[in-house]
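Report on the following structure.
The values are calculated or read from the model by the stated rules, or taken from the named source; none is laboratory data. Because the structure is predicted, anything quoted here is derived from the model rather than measured. Every residue, glycine among them, receives a Cβ derived from its backbone with ideal geometry; neighbour counts consider all protein chains shown. The protein model used for the area step is the full one, side chains on, heavy atoms only, and it has no ligands, DNA or RNA in it. Shrake-Rupley method; radii C 1.70, N 1.55, O 1.52, S 1.80 Å.
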Amino acid sequence: MSPVLAGVLQLTALVAALALAYRPLGDHMAAVYNSPRHLRVEKIIYRCIGADADAGMRWPAYLRGVLAFSAAGVLFLYLLQRVQGGLPLSLGFASISPDQAFNTAASFVANTNWQSYSGEQAMGHVVQTAGLAVQNFVSAATGMAVAIALVRGFARSRTGELGNFWADLVRGTVRVLLPIAVVGALVLVACGALQNFSGIHEVGQFMGGAQQTNGGAVASQEVIKELGTNGGGYFNANSAHPFENPGAFTNLFEIFLILVIPFALTRTFGKLVGNVKQGYAVLATMGVIWLGFTALMMWSEFAHGGPALQAAGAAMEGKETRFGVGSSAIFSVATTLTSTGAVDSFHSSFTAFGGGIQLLGMMLGEIAPGGVGSGLYGMLVMAIIAVFIAGLMVGRTPEYLGKKIGTREIKLAACFILITPALVLGFTAASMVLPDALASQLNTKALGAGAHGFSEVLYAFTSGANNNGSAFAGLNANTPWYNTTIGLAMLLGRFLPMVFVLALAGSLAEQKPIPETAGTLRTEKPLFAGLLVGTILIITGLTYFPALALGPLAEGLS
């Protein structure tokens, strides 16, 4: 079987699996967030944290809950890393330095999981399980809660209430993420992924010599790392490591885990607003972009332009032989079009245009299908912009799902769109003029050109501000400058957009629905989905094209 055909068949199997899971999972999540009852274990959690899960919250109260919970998570994870040297099961690892502890705490709480350390050489079992793995669950549940709050803004009338953050957080964790994670972890263990609390062992190598390796609760962290679109690996090689991702089946299964909740949330959206066709329109928009990017990536990598790659017969440098080009390309697009950041190959080794596709996927805002929760609310904000543009073209007051899109809503949507590019381009520009930051570009001299080095820096801040977490990995990011600035980019890129989303949700929830008329734009039709795709690509292109021209495009055309 040719590698191209194998890649196409894997993509077909993945689409079929996602289609089978779409309705049951989407309906289940709609039932979870609409349920009037609390499970017994949920009631115990509410009593422990002192929350009234039945109290309705307007958007300022909902936002305070999000920020307070996340701030507590950053503080706890930071302190846990700082005292690691005195904890049991630390494997003899020292406590983490202040700047790196801040970067890691910000990263995992912000659902970014950017890692400026090698997991198997820095983090003990307690930090990995009680710190990082816990944040993999709750940061994903936080994103889902904010998305559901925005959906309620469209669904509710003249109440201003968006539900209860604590109830949404706990339900998303207990009823959605935990059950799937348990089953997924069993699948990975059955396929050969590691799951233990062993210490460090010395293992003989085939060619002689030995190397040290340690075990850990790898399978359980791997499954929520993908399911919650987190991405932080137990090992430095991430999902390219055989302990995390043993073979071709687990690789495809992990891609499925990355995509299943973000896609299924469009069904949840349709059910909660009382019109499943609206969910299908959003799904179609996400699906067109995802399939288009996947096709472009596979073409770019199978074309393997350049004499060295042509002589080798494939663009296999930096890719695992047990996965191949096709599977690595599919994984790469899935992880950069969501906020996952997990990698099963070395992104810096992709062709220049392949690296550009990865960058552009993150620059879209990771909305096709995007992160768990963040992809849905990002796409709905873009839908509001598309409706506004359509209204300008026909001279009619824009409305979406029966809610008028006025000056306040457009201002909030514009702020949401602008904050991430400001962080990415601002920090990248500063890093390109500071000598210490420039010295971290390890591959620049070896490649003999500055375009790839610029792409490394641009990729780092695009990944951080968009809460992705993957890296080109030719950049030494474990410096005070990058630990601090990327940490700030991750926090600001995660929580400032949430401020605007929740304010937008509150504004919509206060409105009275507008009756549908003959002049109402039919947002469930293919025409609107096409308009939405065009709006996304044009806004991103106008914002980031100059930066892309200096990096991957310049490298690819040189």
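Roughly how many nanometres apart are two label points built 7 Å out from the Cα toward the Cβ at Ser157 and Asn476?
It is 6.3 nm.
Lys and Arg at +1, Asp and Glu at -1: add these up for the other residues within a Cβ distance under 15 Å of Leu532 and post the number. Walk me through the intermediate numbers first.
On the way: positive: Lys277, Arg522, Lys525; negative: Glu524.
Its environment carries a net charge of +2.
Over the chain, with every protein chain in place, what whole percent of the accessible area is carbon and sulfur at 1.4 Å, could you tell me?
Numbers: 14090 of 21060 Å².
After summing per-atom areas, the C and S share lands at 67 percent.
Give me the percent of Cα-Cα pairs in segment 238-303 that sit more than 18 Å apart, rounded to a whole number. Intermediate results must be reported in sequence, preceding the final value.
Values: 1203 of 2145 pairs.
Counting pairs separated by more than 18 Å, the tail of P(r) holds 56 percent.
Percent relative contact order of the chain, based on C-alpha pairs within less than 8 angstrom and at least six residues apart?
Here the relative contact order equals 20 percent.
What is segment 166-304's relative contact order, in percent, from Cα pairs under 8 angstrom and six or more apart in sequence?
On the way: 131 pairs, mean separation 23.5, N = 139.
Relative contact order, segment 166-304: 17 percent.
Largest first and to the nearest Å, give the Cα extent of segment 490-558 along each principal axis.
Here the Cα extents, ordered largest to smallest, are 56, 34, 14 Å.
Give me the lysines in straight-line cross-link reach of Lys404: C-alpha distance below 25 Å, same-chain residues under 8 apart excluded.
Lys271, Lys277, Lys512, Lys525
Can you tell me the Rg and the Dmax, both Å, for the Cα atoms in segment 475-528?
Cα only, segment 475-528: 20.4, 59 Å (Rg, Dmax).
Quick one: Kirkwood hydrodynamic radius for segment 19-127, alpha-carbon pairs, angstrom, one decimal?
On the way: mean 1/r = 0.0586 Å⁻¹.
Radius from the Kirkwood sum: 17.1 Å.
Tell me which lysines have Cα within less than 18 Å of Lys411's Cα, excluding those fewer than 8 residues away on the same chain?
Result set, ordered by chain and number: Lys403.
Could you work out the longest stretch of the chain that avoids the trypsin sites (Lys or Arg not before Pro) located in DSSP loops with at most 15 other Cβ atoms within 10 Å?
On the way: sites that count: Arg37, Arg158, Arg322, Arg396, Arg522.
No qualifying site falls inside 159-321, the longest such stretch.
In cubic angstrom, how much convex hull volume per residue do the alpha carbon atoms of segment 68-163 span? Let's see the in-between values first.
On the way: hull volume 8.7 nm³, N = 96.
Per-residue hull volume (Cα only) is 91 Å³.
Relative contact order of segment 84-166: what whole-number percent is it, with Cα pairs under 8 angstrom and at least 6 residues apart? Working shown, then result.
On the way: 61 pairs, mean separation 21.7, N = 83.
Computed value for segment 84-166: 26 percent relative contact order.
Quick one: if you stick a label point 7 Å off each Cα along the C-beta vector at Val15 and Gln212, how many nm between them?
Simple spin-label model gives 4.9 nm for this pair.
Accessible area per residue for the chain in Å², computed with a 1.4 Å probe and the full protein assembly in place, what is it?
On the way: 21060 Å² over 558 residues.
Per-residue accessible area for the chain comes out at 38 Å².
Run the numbers for Arg82 and Arg23: contour at 0.36 nm per residue of separation, minus the present Cα-Cα distance, in nm.
Values: separation 59, 0.36 × 59 = 21.24 nm, distance 4.42 nm.
The span from Arg82 to Arg23 would gain 16.8 nm if fully extended.
Expressed in nm to one decimal, what extension gain is obtained for the pair Val288 and Asn236 from 0.36 nm per residue of sequence separation less their Cα-Cα distance? Can you show the working numbers first?
Numbers: separation 52, 0.36 × 52 = 18.72 nm, distance 3.27 nm.
The Val288-Asn236 span can extend by a further 15.5 nm.
Along Cα→Cβ, 7 Å out, is where each label goes; now give me the distance between the ones at Met432 and Arg47 in nm to one decimal.
It works out to 5.9 nm between the two label points.
Among Phe346, Leu380, Leu80, whose Cα lies farthest out toward the positive end of the dipole of the chain, if unit charges sit on the beta carbon of Lys, Arg (+1) and Asp, Glu (-1)?
Leu380
FRET efficiency for Ser35 and Leu75, Cβ-Cβ distance as r, R0 = 41 Å, nearest 0.05? If you can, show how the numbers build up before the last one.
Values: r = 32 Å, r/R0 = 0.77.
The calculated FRET efficiency here is 0.85.
Please report how far the C-alpha centroid of segment 104-179 lies from that of segment 14-42, rounded to the nearest whole angstrom.
Between the Cα centre of segment 104-179 and that of segment 14-42, the gap is 17 Å.
Which chymotrypsin sites (Phe, Trp or Tyr not before Pro) in segment 377-486 sit in a loop by DSSP (not H, G, I, E or B) and have at most 16 other Cβ atoms within 10 Å of their own Cβ?
Working: sites: Tyr377, Phe388, Tyr400, Phe416, Phe427, Phe454, Tyr459, Phe461, Phe472, Trp481, Tyr482; in loops: Phe472.
Within segment 377-486, no chymotrypsin sites (Phe, Trp or Tyr not before Pro) qualify (loop, at most 16 other Cβ atoms within 10 Å).
In the neighborhood of Ala106, defined by Cβ-to-Cβ distances under 13 Å, what is the net charge if each Lys or Arg adds +1 and each Asp or Glu adds -1?
On the way: positive: Arg494; negative: Asp99.
Taking every other residue near Ala106 into account, the sum is 0.
Kyte-Doolittle cut-off 0.5, length cut-off 27 Å along the helix's own axis using Cα: show which whole DSSP H helices in the chain pass.
Values: long enough: 3-34 (45 Å, 1.07); 59-82 (34 Å, 1.03); 134-155 (31 Å, 1.35); 248-272 (37 Å, 1.39); 276-303 (40 Å, 1.06); 374-394 (30 Å, 2.29); 407-431 (36 Å, 1.33); 480-509 (43 Å, 1.31); 526-550 (35 Å, 1.90).
The qualifying helices are 3-34, 59-82, 134-155, 248-272, 276-303, 374-394, 407-431, 480-509, 526-550.
Roughly what percent of Cα-Cα pairs across segment 380-521 reach past 22 Å? Intermediate results must be reported in sequence, preceding the final value.
Numbers: 5118 of 10011 pairs.
Distances greater than 22 Å cover 51 percent of the Cα pairs.
So how compact is segment 38-97: Cα radius of gyration and Dmax in angstrom?
Rg then Dmax for segment 38-97, in Å: 16.8, 48.
Jot down the radius of gyration and Dmax of segment 146-193, Cα atoms only, both in angstrom.
Every Cα atom of segment 146-193 included, Rg and Dmax give 16.3, 53 Å.
Hey, got a sec? Which GluC sites (Glu not before Pro) in segment 485-552 land in a DSSP loop and have at most 14 other Cβ atoms within 10 Å? Intermediate results must be reported in sequence, preceding the final value.
Numbers: sites: Glu510, Glu516, Glu524; in loops: Glu510, Glu516, Glu524.
Counting only loop positions with at most 14 other Cβ atoms within 10 Å, the GluC sites (Glu not before Pro) in segment 485-552 are Glu516.
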